[in-house]
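Reading through the structure tokens given below for one structure.
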Amino acid sequence: MDTTLLTQRGPFEWELPASGRMRVPGILFASRELVAAMDDKVREQVANVASLPGIVAASYAMPDAHWGYGFPIGGVAAFAADEGGVVSAGGVGFDISCGVRTLHTGLKRADVEAAQARLADVLYARIPAGVGSTGVLRLAAAGMDAMLKGGARWAVQEGFGTAADLSRIEESGCVAGADAAAVSDQAKKRQRDEMGTLGSGNHYLEVQAVAELFDAAAARAYGLAVDDVVVSIHCGSRGLGHQIGTDYLREMVVAAPAAGIALPDRELACAPLDSALGRRYLGAMRAAINCALANRQILTHLARAAFAEVFPGVALPLLYDVSHNTCKEETHIVDGRPRRLFVHRKGATRAFGPGHAELPREYAAAGQPVLIGGSMGTASYILAGAAAAGERAFGSACHGAGRAMSRHEATRRWQGRALVDALAAQGILIRSPSWRGVAEEAPLAYKDVGAVVDAADRAGLAIKVARLSPLVCVKG
Amino acid sequence: MAWQTFAHDADVGVRGSGATLAEAFAGAATALTAAVCDPARVRAHEAVAIACAAPDDELLLVDWLNALVFEMATRHMLFSRFDVSIDGHRLQATAWGEPVAAPRHRPAAEVKGASYCELEVGRQPDGRWLAQCIVDV
């Protein structure tokens, strides 16, 4: 990105001044190196988001921002209903509530290394992953609607996991305001046999060891010590969310002119929050969030069964569950007064700071766990929401490493089989149905996740707590 | 009819071209399959009928690709041959393919949906038709 068009506000903060149709400035949180490496399309997309009606304060980009469609991936923007604000299906994306959850195992690195190949094989056998895979459930109409309304709570009632899991999930595992009637029959049909599936692409289940701690107090609050083994699951709302995104993007594209909205990019398709279409989308999108939470809850159950097969008697309590692609109604202080805002996070993580009312009591002092997925050969991180984040970007932080190159380029440079062998030599076991899928997700196809989380930490978005190194990765 | 996939930071672009709009749409559909696996591995055994209509050609391309995404997802199929006819902004097609067989098709990623990003449908200076957009994988 051409940094001469930006004004540097701090070592990790850059402003794109409001110009043209922009209603507010753009703010990018990143080091000079990360900003320079971003595609110019990110700046264009940040500016386009800034032009949408009712946007409040600024159009933000997180340190892992990269070229998305409509919003940049790593984009955050809040809208006020009382100022003609909008909700954007493009600002949430297709993979609604794609997110990460991390589970403790009570095991140490040496325990897992002693049974690593067997654990990898058992996980791969038990976790449905990849194109065309189906789950253990077949949801008929009544079950589907109950799932869309109940989220992870529904999954627990159905026997997947325990009630203790729920307090460790955003909104306690069930977002209010879900409207199953606003979800098309096509979307429900796509989901009928996909509950408890990982999906493909960048989705994974990974066994990780705590390699390094940065904040002893937060690590203690989160129950993390060096060499502890955890499991992280990255996936979303599967076909249901994808179809809801498809359905409402089209409806919003067609309806925008009549609503007086001039879209700088059709992918930014949106509708006024105070409109029938906007309300219907919010109801459907919340149902998709619940679907993602239920899906990760079922996968948790499957992961627990796999671990119990290899390590009898082991328990896998939930550390936390975060969602990435969402629009959530939240209260934030703007210009000294609390306001109800609709915060879009597209490839960005909610990162509430210490003392926030939404946090479980045991995390109140440390702040919300912010789970950052890396790439399968490098590292993942656990951060803690910073007190300042609420004022910086509506309580948001980065969500992952962010891609550094296209899938095309990755498959040109690497071969899946050779990558799997090279990672195995480093002690990282990959299980995947597709060599090409592995090549597309090659570790070096991603940005340096360490640089991304350093920037998030130094920008005051979230505080580094722990670095995790991979041991086993089941790729979809 | 010709097709190709093209690079995007996070996702994949699909592009078709041909002497007619219908050929360009068939090419874009083949590129959609290529985002998942090598289309040459997919046998054209079963036919699925698809029809859609839209206010303009660009929306029609997105609708066409999303209809295929839906059929791929719900039938667990992959497609490799597309007989497409377009009249105005109405499309009728038969997509030919077979059920996903992971060991043989080696699918790399499923497509979540066709986006409006880099969306372009039109006649090129050389008279050929082009149809393209980014799909989310």
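Bear in mind these aren't lab numbers, they're just calculated from the coordinates by the rules spelled out. Here the structure is a predicted model, which means the values were calculated and not measured. Here the Cβ positions follow ideal geometry from the backbone for every residue, glycine too, while neighbour counts run over all protein chains shown.
Per-residue Cβ counts within 10 Å, from other chains only, averaged over A:126-135: what number is that?
Details: counts 0, 0, 0, 0, 7, 15, 14, 4, 1, 0.
Per residue, the number of nearby Cβ atoms from other chains is 4 on average.
From the P(r) of segment B:2-136, could you give the percentage of C-alpha pairs in the tail past 17 Å? Each step should come with its number before you reach the end.
Values: 4784 of 9045 pairs.
Counting pairs separated by more than 17 Å, the tail of P(r) holds 53 percent.
Whole-Hz Karplus values for segment A:92-109 come out as 9, x, 6, 8, 4, 6, 3, x, 10, 10, 10, 10, 6, 10, x, 9, 9, 3 Hz, taken residue by residue from phi with 6.51 cos²θ - 1.76 cosθ + 1.60 and θ = phi - 60°; glycine and proline positions read x. Taking the centroid of alpha carbons for each part, segment A:290-336 and segment A:182-257 are 9 Å apart.
Annotation: amide H of B:Val12 within the under-5 Å range of B:Val135, B:Val137, sequence separation 5 or more or interchain, hydrogens built in the peptide plane. Please state the shape class of segment A:1-103: rounded when a/c is under 1.5, otherwise prolate if a/b exceeds b/c and oblate if not, all from the C-alpha gyration tensor. Oblate shape, in that a/c is at least 1.5 and b/c is the bigger or equal ratio. Each residue of segment B:121-137 is assigned a 3J(HN,Hα), and the resulting list reads 9, x, 8, 8, x, 7, x, 7, 8, 10, 9, 8, 6, 8, 10, 8, 10 Hz, derived from the Karplus form 6.51 cos²θ - 1.76 cosθ + 1.60 (θ = phi - 60°), x at Gly and Pro.
Once the Cβ-Cβ distance of A:Ala211 and A:Ala422 is raised to the sixth power relative to R0 = 22 Å, the FRET efficiency obtained is 0.70.
How many partner chain Cβ atoms sit within 10 Å of a residue's Cβ in peptide B:63-74, on average, as a whole number? Please report the intermediate quantities before stating the final value.
Details: counts 2, 0, 1, 8, 2, 0, 6, 8, 0, 2, 11, 9.
That works out to 4 on average.
Pairs spanning more than 21 Å between alpha-carbon atoms, out of A:Lys346/A:Lys447; A:Lys328/A:Lys447; A:Lys464/B:Lys112; A:Lys189/B:Lys112: A:Lys328/A:Lys447; A:Lys464/B:Lys112.
For segment A:56-99, rounded, prolate or oblate, judged on the Cα gyration tensor with a ≥ b ≥ c (square roots of eigenvalues), a/c < 1.5 rounded, else prolate if a/b > b/c? Could the numbers behind the result be given before it?
Working: a/c = 2.27, a/b = 1.43, b/c = 1.60.
In terms of gyration-tensor shape, oblate.
In order along segment A:313-326, phi translates into HN-Hα couplings of x, 6, 10, 10, x, 6, 7, 5, 9, 10, 10, 9, 9, 9 Hz, rounded to whole numbers, per the Karplus curve 6.51 cos²θ - 1.76 cosθ + 1.60 with θ = phi - 60° and x for Gly and Pro. Taken as Cα centroids, segment B:98-136 and segment A:98-126 sit 36 Å apart, rounded to the nearest whole angstrom.
Subtract the Cα-Cα distance of A:Asp335 and A:Ser275 from 0.36 nm times their separation in residues, and report this length gain in nm to one decimal.
18.9 nm
Counting partner chain Cβ atoms within 10 Å of every residue's Cβ in A:231-244, what's the average?
Values: counts 0, 0, 0, 0, 0, 1, 0, 3, 7, 0, 2, 9, 7, 1.
Averaged over the peptide's residues, the number is 2.
Normalised by residue number, the volume inside the convex hull of the Cα atoms of segment A:332-396 is 97 Å³ per residue. Remark on segment A:206-245: Rg and Dmax equal 15.7, 43 Å (Cα only). Does anything in segment B:65-99 have its amide N under 20 Å from the 7 Å Cα→Cβ label point of B:Arg128, and if so which residues? Counting only backbone N, you get B:81-86. Beta bridges from DSSP with both residues in chain B: antiparallel share about 100 percent, rounded to the nearest 5. Dimensions of the protein assembly as shown from C-alpha coordinates, computed as largest minus smallest value along each principal axis and given longest first, are 66, 55, 48 Å. Relative contact order for segment B:2-136: 32 percent, from Cα pairs under 8 Å spaced at least 6 residues apart, divided by residue count. For A:Ile430, the residues whose modelled amide H falls within less than 5 Å of its own, excluding neighbours fewer than 5 places apart on the same chain, are A:Cys473. Fully extending the segment from B:Arg104 to B:Arg43, taken as 0.36 nm per residue of separation minus the present Cα-Cα distance, adds 20.9 nm. Amide H to amide H distances under 5 Å link A:Leu319 with A:Thr102, A:Leu103, A:His104, where only residues 5 or more positions off or on other chains count and H is placed in the peptide plane. Distance from the C-alpha centroid of segment A:49-87 to that of segment A:424-476: 27 Å, rounded to the whole angstrom. Here's the picture: a label point sits 7 Å out from the Cα of B:Asp56 along the beta-carbon direction, and within segment B:106-127 the residues with their amide nitrogen under 19 Å of it are B:114-125.
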